[in-house]
1. Restricting attention to the range A:1-10, report how many residues are surrounded by fewer than 12 Cβ atoms within 10 Å (Cβ to Cβ) and within 7 Å of DNA strand C (Cβ to nearest atom).
2. Of the residues A:113, A:63, which single one is under 26 Å from residue A:17 (Cα atoms) and modelled with pLDDT of 95 or more?
3. Return yes when residue A:24 is more than 11 Å from DNA strand C (Cβ to nearest atom) and in contact (Cβ under 8 Å) with a residue 60 or more places away in the chain and no when it is not.
4. For the range A:25-83, what are the residues that are surrounded by 19 or more Cβ atoms within 10 Å (Cβ to Cβ), in a helix (DSSP H, G or I), within 13 Å of DNA strand D (Cβ to nearest atom) and within 14 Å of another protein chain (Cβ to nearest Cβ)?
5. Of the conditions (1) within 16 Å of DNA strand C (Cβ to nearest atom); (2) crowded, with 20+ Cβ neighbours inside 10 Å, residue A:13 fails just one. Which one is it?
6. Could you check the range B:46-56 and list, in sequence order, the residues that are within 12 Å of residue B:11 (Cβ to Cβ) and near DNA strand C (Cβ under 8 Å from one of its atoms)?
DNA sequence: GGTTTTATCTTGACACTGTCTAGATTGTAT
DNA sequence: ATACAATCTAGACAGTGTCAAGATAAAACC
């Protein structure tokens, strides 16, 4: 995280990581470019070379968080052996992510460019990688389970909304409940 | 919104309203005490008499939003004639509120002192009025419908989480879908 | 290898913000 | 009418995002 020479070498990435640490420690309202610069041992105007504005910096932090979220989901996909369990696995990874990054929920809900289009017939391709990943993985499984094809988009959205809502409740109060929330997901799946 | 004499007369309330307008126009990250003061035609340090810090001001805005949310739910309770429809009515009011206040979702998920305690046996009394209202109204109805008593807390939480998740998705993309999301709620209730 | 070009970082400045202090104005109680 | 308390103003300070000018070093080019 320190710099030795005049040029840092990996500033952009480390500014983002510093930003995430700041958000997780003090909340999404306490993101500061100057503090991030200080954390990286660099002058207050150095970030300007990598982010033209604070908003652009904030976007980069959000993008990184979305990538991290995607990694959590991708990991269980890679490890999965029983296709019938993939939806439950992703649900658990979903909650686990927001447990590890409690402020991420507030961050994501504050994002405006996420497209999760709804339709009775189909779910259009989303620009939000975690959701898109969930759609791709769960669709064939639900179909195989005999869910009518035209019901699948709604089912997927229902699952995503439910787990999102739970994660949101958890995130707001620090995940102080370890009960069997998975039963709710099961009731939707079964 | 203007002041004529030296004393404003209703500054605290109008500062809060100005804060909500700012948030709804520019997002939750653009709340400013000085701008709120300017909107009310008052000097930059005037808010200090009513809010000791920006954080305290922000809390007051959040509290007001929670009260407004409660009013939306209370209204359908007061107007309700068929008890069997109260859960659906509240679900619709829920979504309607976040349609009228799209930034409210980001605001609420950024709140830390909301207590919605989960338990397999009971839902403890919540300090969040809208949720508490929903618990009180839906519990007897669900019981009357023959839901096993020990399943009721989970069912309530499931409904709340689902509608929250949907409202969140809607809020992120501007409620551009007018389809029959209510079917999802029905599937949980029935 | 020496030179030029480009990317990156620093310094200093500006306007804006939250916060503090001291003092001005006005409503309220005595 | 006077004293008191609540409310608002004015000015100052440190911290913030942003901009402009210049310093440094890496990369590209001959």
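1. Going through the range A:1-10 one residue at a time, the tally reaches 3.
2. None of the others qualify; the one that does is A:63.
3. Numbers: more than 11 Å from DNA strand C (Cβ to nearest atom): yes; in contact (Cβ under 8 Å) with a residue 60 or more places away in the chain: yes.
Judged against the criteria, residue A:24 is a match.
4. Answer for the range A:25-83, where residues must be surrounded by 19 or more Cβ atoms within 10 Å (Cβ to Cβ), in a helix (DSSP H, G or I), within 13 Å of DNA strand D (Cβ to nearest atom) and within 14 Å of another protein chain (Cβ to nearest Cβ): A:28, A:33, A:57, A:58, A:61.
5. Condition (2) is where residue A:13 drops out.
6. Residues satisfying the conditions are B:47, B:48, B:51.
The values are calculated or read from the model by the stated rules, or taken from the named source; none is laboratory data. Keep in mind that what you see is a predicted model, and the values were worked out from it rather than measured. Cβ coordinates were reconstructed from backbone atoms using ideal geometry, including for glycine residues, and neighbour counts include every protein chain displayed.
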